[in-house]
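A short reminder: the numbers here are calculations on the coordinates, not readings from a lab. As the structure is a prediction and not an experimental result, all values here were calculated from the model. Every residue, glycine as well, gets a Cβ built from its backbone with ideal geometry; the counts of neighbours run over all protein chains shown.
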Amino acid sequence: MIVVLTGAPGAGKGTQADLLAERLGYRKLSTGDALRKHVKAGTEIGKVAGQIMERGELVPDDVLFGIIKAELNGKSSDVYLLDGYPRNISQAETLATLEAVHPVKAVIHLDVPRPELVSRLSGRRVCQSCGATYHVTSNPSKRPGVCDKCGGALQQRADDNPDSVAVRLDVYEKNTRPILDHYQKKGLYLKVNGLGSTEGIYKDLKGSLERAL
Ligand code: AMP
């Protein structure tokens, strides 16, 4: 079965998906992470996706569906947590074509106001070695530019610059927000407040999921 974790860029989907995967054994599938791996490895998909991602726009739907189909390769009893997919109505409809084996059981919306999203994204720093994330003011590393966990170098994501952040938030409003209504009509939509401590949000999210599944 599938649980969709949705919300604007910077809402904390990746952080919460990691916790749910670690603590509840869900299989996390982040399309952003999968695409970044392709870009790093210089694959054909990476060549198509790299510049589009850097501008903050959406990578074509057929590329994404290829990734989703390849990754949803486990048993139908596995719980897949989708982080960053679907991002528009067309992707939601395509995902529904897999429902005989992988039905969507809940769509959780991490809700965060736009000014907070801008601040989170512009201050975000990511470890190039282990992927741990920090924030320059709210969650800084002990030594500037160095990961506390593995000593790797911290960098700003290519698409966390102000121009791309503005595009990503606009793309979210125009393309992704309509999926909330789409899933509400199907009785699958759940909203969780994405402001507060990581553990507090996790508790709300887990509670919502337990009631839904
Ligand atoms: P994320 O890490 O989820 O913020 O995704 C980073 C970037 O990857 C997005 O800004 C898009 O360019 C691309 N991307 C990730 N998921 C999708 C998707 N479902 N559809 C289209 N593009 C995507």
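When a/c is below 1.5 the answer is rounded, else prolate if a/b is larger than b/c, else oblate, so apply that to region 109-213 with a ≥ b ≥ c taken from the square roots of the Cα gyration tensor eigenvalues.
Oblate shape, in that a/c is at least 1.5 and b/c is the bigger or equal ratio.
Excluding residues fewer than 8 places away in the same chain, name every one of the lysines whose C-alpha is closer than 21 Å to that of LYS105.
LYS13, LYS28, LYS69, LYS75, LYS185, LYS186, LYS191, LYS203, LYS206
Relative to the first principal axis of the alpha-carbon coordinates of the chain, what is the inclination of helix 13-24, with its axis defined by its Cα atoms, in degrees from 0 to 90 and to the nearest 10?
Once rounded, one gets 70 degrees.
Mean 1/r over all different Cα pairs, inverted: what Kirkwood radius does the chain give, in Å?
Roughly 17.7 Å, rounded to one decimal.
What size of dipole, in debye to the nearest 20, comes out for the chain about its Cα centre when the only charges are +1 on Lys and Arg C-beta atoms and -1 on Asp and Glu C-beta atoms?
For this selection, approximately 440 debye.
Can you list the trypsin sites (Lys or Arg not before Pro) in region 30-88 that are in a DSSP coil and have 15 or fewer other beta carbons within 10 angstrom?
Those satisfying the criteria are LYS75.
Mind checking region 139-211 for trypsin sites (Lys or Arg not before Pro) that DSSP puts in a loop (not H, G, I, E or B) and that have at most 10 other Cβ atoms within 10 Å? Intermediate values should be presented prior to the final figure.
Working: sites: LYS142, LYS149, ARG157, ARG168, LYS174, LYS185, LYS186, LYS191, LYS203, LYS206, ARG211; in loops: LYS142, LYS149, ARG157, LYS186.
Answer by residue number: LYS142.
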